Structure formats: C-alpha cells, structure tokens
1. What number of residues within region 17-33 satisfy the criterion of being free of Cβ contacts under 8 Å to residues at least 40 places away in the same chain and either among the acidic types (D, E) or buried (at least 18 other Cβ atoms within 10 Å of the Cβ) (or both)?
2. Looking at region 1-55, which of the residues that are among the polar types (S, T, N, Q) and either closer than 16 Å to D66 by Cα or touching a Pro at 6+ places or on another chain (Cβ under 9 Å) (or both) is modelled with the lowest pLDDT?
3. Which residues, taken from region 17-34, are more than 20 Å from Q59 (Cα to Cα) and of a type in the set (V, I, T)?
4. Of the numbered conditions (1) in contact (Cβ under 8 Å) with a residue 40 or more places away in the chain; (2) part of a loop (DSSP other than H, G, I, E, B), L6 satisfies every one except a single condition; which is it?
5. Quickly run through region 9-41 and pick out the residues that are in a strand (DSSP E or B) and β-branched (V, I, T).
6. Which count do you get for residues in region 55-72 that are in contact with an Asp or Glu (Cβ under 7 Å, 6 or more places away or on another chain) and part of a loop (DSSP other than H, G, I, E, B)?
7. Could you please find all residues in region 42-54 being exposed (fewer than 15 other Cβ atoms within 10 Å of the Cβ), part of a strand (DSSP E or B) and among the hydrophobic types (A, V, I, L, M, F, W, C)?
Amino acid sequence: MLSSDLTYAMAANTNDLIVHLRNVGGVGTLQIVNVIDQQALASKPLANTDAVKIRGTAQPDRLKVDMTKFFSKPVTFNGGDESDTI
C-alpha cells in the first residue's frame, strides 16, 4: 500500500481535535479525534502515513497532538482566519 497524508477539514461542530497514535486491531494507527464526543473522525495506519494535515475553520479552532505514544510524522495545522490554538 502506498503512503499518503492523513487529512481532515474541520467544521463548526468538529473544531476541537486531538491527534492520537492508537493500537487498532494490532496496528499502530493515527487518529484525528473530536474532543467533545471522542469520535474518531479520520484514521490511517502509521506505516502508510507520510504526514497529518488539518485545515481549520473561520472560527476559533483548537488542535492538540498527543505525544504520549511518540510518532515521527509531521503535523500541519492551517487554522484559518481566527484565533486558533495548537
């Protein structure tokens, strides 16, 4: 399988996110999770991921990167026009 980016475009109801590395079925998987309801919005096996790219909204956005399980992939956050937090 070819590597590619894990991407997600925030929406008004999903603009407080966290990026985790989780074990899913025995596979290290990067997940983009909605902090409010803990729902995984996007995921991809770490071995098949080159980078994580998240695009924010015109509203204030927040992104956390959980490094308790270290991963060495770049995370890019384009927060949009408002005051955003990473």
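1. So the count comes out to 4.
2. Filtering region 1-55 for residues among the polar types (S, T, N, Q) gives 3-4, 7, 13-15, 23, 29, 31, 34, 38-39, 43, 48-49.
With either closer than 16 Å to D66 by Cα or touching a Pro at 6+ places or on another chain (Cβ under 9 Å) (or both) added as a condition, the list becomes 15, 23, 29, 31, 34, 38-39, 43.
Numbers: N15: 88, N23: 95, T29: 97, Q31: 97, N34: 95, Q38: 94, Q39: 95, S43: 97.
Here the answer is N15.
3. Step one: of region 17-34, the residues more than 20 Å from Q59 (Cα to Cα) are 20-31.
If the condition is that a residue be more than 20 Å from Q59 (Cα to Cα) and of a type in the set (V, I, T), then V24, V27, T29 are the ones that fit.
4. It is condition (2) that L6 fails.
5. So in region 9-41, the residues in a strand (DSSP E or B) come out as 9, 16-24, 27-34, 40-41.
Across region 9-41, the qualifying residues are I18, V19, V24, V27, T29, I32, V33.
6. Initially, region 55-72 is screened for residues in contact with an Asp or Glu (Cβ under 7 Å, 6 or more places away or on another chain), giving 56, 58-62.
When the remaining residues are screened for being part of a loop (DSSP other than H, G, I, E, B), the result is 56, 58-61.
Final tally of qualifying residues: 5.
7. Matches in region 42-54: A51 only.
The values are calculated or read from the model by the stated rules, or taken from the named source; none is laboratory data. Since the model is a prediction, treat every value here as computed from it, not as a measurement. Methodologically, a virtual Cβ is constructed for each residue, glycine included, from the backbone with ideal geometry; neighbour enumeration extends over all protein chains shown.
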